[in-house]
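Asks: One structure, as structure tokens, below. Some questions next.
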Amino acid sequence: SIRASATPDGGAPMTVVDPTVATAAAPRFRRANPVLAFIRFQPLGTAGLLVILVMATAAVFANVIAPYDPEAIDFASMLTAPSWEHPFGTDAFGRDILTRIIYGARTALTIGFVSSFTGCSIGAVIGVTSAYFGGRVDLVIQRFIDILLSYPIIVLALVVVAVVGHRPVGGIDVNLILA
């Protein structure tokens, strides 16, 4: 269903293609799986994601995965070297270090995710407020943020924790998250 015909002004012939045939003959390309594309183009991101997934799985299933009680004191096995019984060894009180790392993932991930989410939310509100009002409000907000950014973050967090104190809620220090 391809035919050639002369143009109205007598020029070179024009090719006309039947649209039903053209669409049927067009090659079909499959979209790559987005997960496989991410793995292929972001290998470091994939490795980081795997570490976070392993930590999250260990945190959620710590009661099942951990070989020992994290608070159990065993004076007979104090400061033992890594072995099949204790893969990471034991501490000065005979507690299994691998078990304590698995249980510690709960606290580390909770503090990390909650503080990141809170910081991003507060930052978005401040940024939108600054952009919406503009002018002097924008200038004041930006200078305040510049003052905050001039301090090293770890020093600022230590000062906040020292000033507001220790307030655990469900085993997680809320003031540490705020800091």
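The values are calculated or read from the model by the stated rules, or taken from the named source; none is laboratory data. Just so it is clear, the structure is predicted and the values come from calculations on it, not from any experiment. We place every Cβ from the backbone using ideal geometry, glycine too, and count neighbours over all the protein chains shown. All accessible areas refer to the heavy atoms of the entire protein, side chains included, with ligands and DNA or RNA removed. Shrake-Rupley method; radii C 1.70, N 1.55, O 1.52, S 1.80 Å.
Asks: Please list 33-46, 88-101 highest first by mean number of surrounding beta-carbon atoms within 10 Å per residue.
Replies: Going by the mean number of other Cβ atoms within 10 Å, highest first, we get 88-101, 33-46.
Asks: Can you tally the net charge around Ile97? Count Lys and Arg as +1, Asp and Glu as -1, for every other residue whose Cβ sits under 15 Å from the Cβ of Ile97.
Replies: Every neighbour counted, the sum reads -4.
Asks: Let me ask something additional. Going by a ≥ b ≥ c, the root eigenvalues of the Cα gyration tensor, does region 17-164 fall in the rounded group (a/c under 1.5), the prolate group (a/b larger than b/c) or the oblate group?
Replies: oblate
Asks: How many angstrom separate the Cα center of region 132-163 from the Cα center of region 34-65?
Replies: Comparing the Cα centres of region 132-163 and region 34-65, I get a distance of 34 Å.
Asks: Right, another one. Percent of accessible area on region 48-179 owned by carbon and sulfur, 1.4 Å probe?
Replies: Carbon and sulfur together cover 74 percent of it.
Asks: So if R0 is 35 Å, what FRET efficiency would Val51 and Ile73 give, r being the distance between their Cβ atoms, rounded to the nearest 0.05?
Replies: 0.70
Asks: Next question, about the same structure. Once the Cβ-Cβ distance between Val164 and Thr129 is put in as r, and R0 is 35 Å, what FRET efficiency do you end up with, to the nearest 0.05?
Replies: According to the calculation, E is roughly 0.90.
Asks: For region 30-107, how big is Rg over Rh, using alpha carbon atoms and the Kirkwood form of Rh?
Replies: Here the Rg-to-Rh quotient is 1.21.
Asks: For region 124-179, what does the accessible surface come to per residue with a 1.4 Å probe? Please give it in Å².
Replies: 78 Å²
Asks: Can you tell me what the convex hull of the Cα atoms of region 66-110 projects to on average, as an area in nm²?
Replies: Its Cα hull, projected and averaged over all orientations, spans 2.9 nm².
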